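Report on the following structure.
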């Protein structure tokens with residue numbers, strides 16, 4: 001009996017989870033517009049340029065970088081424990097996205113009402129709301145991964161991620177041109193109206209992302225479990241660190257990478273103060289960053305599949321070092337050259353997302369994976385540099401970051417490849433049985 005392609009396709013669809021097509025489309029809407037929202041409130045371009053208008057002290061940019069770093073640690077470490085015995089996780093993420101939308105809406109209103117006459121009020125509101133935004137976003141990351149792991153089957157996740165990133169980065173690049181259009185017309189859109197619109201667009205895009213996620217039909221959780229005691233988690237973490245030299249090297253590598261990335265929000269402030277770039281150039285920088293992330297995402301994905309994620313980590317460190325060195329040595333007479341900093345920054349951020357997540361998935365056993373992820377996200381000390389940034393010159397700040405990137409590169413060279421080297425994997429030591 002000959003099976004036609006149509007029959008085969010129907011058989012494949014029947015094997016899909018319930019509401020697969022609906023969830024695929026809704027997930028695309030959510031992911032694409034979430035990317036656009038994130039672009040309009042980007043921590044490396046838009047928000048630092050807003051801070052520079054509200055205060056001459058660049059240390060507040062470092063404070064925001066530190067808050068973002070903490071948000072990647074504390075909530076993620078506990079959220080998995082909170083949802084482990086919950087049959088439905090979608091309401092939690094709906095509440096988180098809604099709260100993020102409210103934070104952006106309140107910030108846009110405060111900028112419009114008080115940006116011109118009470119900048120300090122807006123500054124502290126920005127810091128507080130950004131901290132809240134980042135903290136609950138860290139919680140949402142864990143829940144999002146859990147829901148979509150059940151909604152999109154493994155053999156379709158590559159297609160889903162590729163479509164989401166392609167369309168999302170395209171919209172994010174367009175967001176940069178919208179920012180440029182607004183900031184290039186100070187007579188038509190004076191401060192604070194200009195940044196009210198930009199943050200307002202971020203909130204509007206998040207509403208569409210929220211609508212897309214609300215359309216998702218959450219698949220049933222097949223197995224509920226009681227979360228392990230925190231003491232047990234810490235004991236497991238200590239055992240993993242003692243038994244895996246490769247995990248130790250990865251964490252130190254991540255620490256230097258985090259240190260190098262901490263200075264990225266200062267690039268825009270530096271360009272405004274020392275290269276005298278026009279305000280609208282911030283939009284071009286945003287588009288270049290998103291274009292670099294989109295283009296390199298294809299490269300990192302191919303390299304990850306073909307040769308392993310150790311090479312992705314090497315490339316990430318190289319692009320981060322190149323971005324920082326270019327920022328350090330761009331002459332004031334050639335300000336256009338500074339755009340390359342953000343193109344390379346896009347390469348770096350994309351490589352970090354692809355390389356570290358995939359490397360951890362390959363090096364860790366299923367039972368140790370959550371602890372390995374938590375350990376990776378506990379590298380906080382370098383972020384304290386952000387708080388000291390106001391006491392450092394840009395030359396010293398960028399030089400420290402460049403050295404950190406180079407050390408990250410050296411450590412990446414010493415990492416094993418879990419795909420081919422059993423010694424590079426992260427497993428709990430086995431206790432030999434006593435006869």
When residue 90 is run through (1) farther than 18 Å from residue 33 by Cβ; (2) surrounded by fewer than 19 Cβ atoms within 10 Å (Cβ to Cβ); (3) at pLDDT below 80, the failure sits at (1)
Within segment 281-324, the residues that are modelled with pLDDT of 90 or more and over 21 Å from the mean Cα position of the chain (by Cα) are 281
Please go through segment 209-238 and give me each residue that is more than 30 Å from residue 65 (Cα to Cα) and modelled with pLDDT of 65 or more, ordered by number. 214, 215, 216, 217, 218, 219, 220
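Based on this model, can you work out whether residue 291 counts as surrounded by fewer than 18 Cβ atoms within 10 Å (Cβ to Cβ) and out of contact with any strand residue (DSSP E or B) (no Cβ under 7 Å at 6 or more places or on another chain)?
When the stated conditions are applied, residue 291 does not pass them.
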How many residues, within segment 7-64, are at pLDDT 85 or above, under 17 Å from the mean Cα position of the chain (by Cα) and under 20 Å from residue 121 (Cα atoms)? 5
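The values are calculated or read from the model by the stated rules, or taken from the named source; none is laboratory data. Because the structure is predicted, anything quoted here is derived from the model rather than measured. Cβ sites come from the backbone with ideal geometry, for glycine too, and all protein chains shown count toward neighbours.
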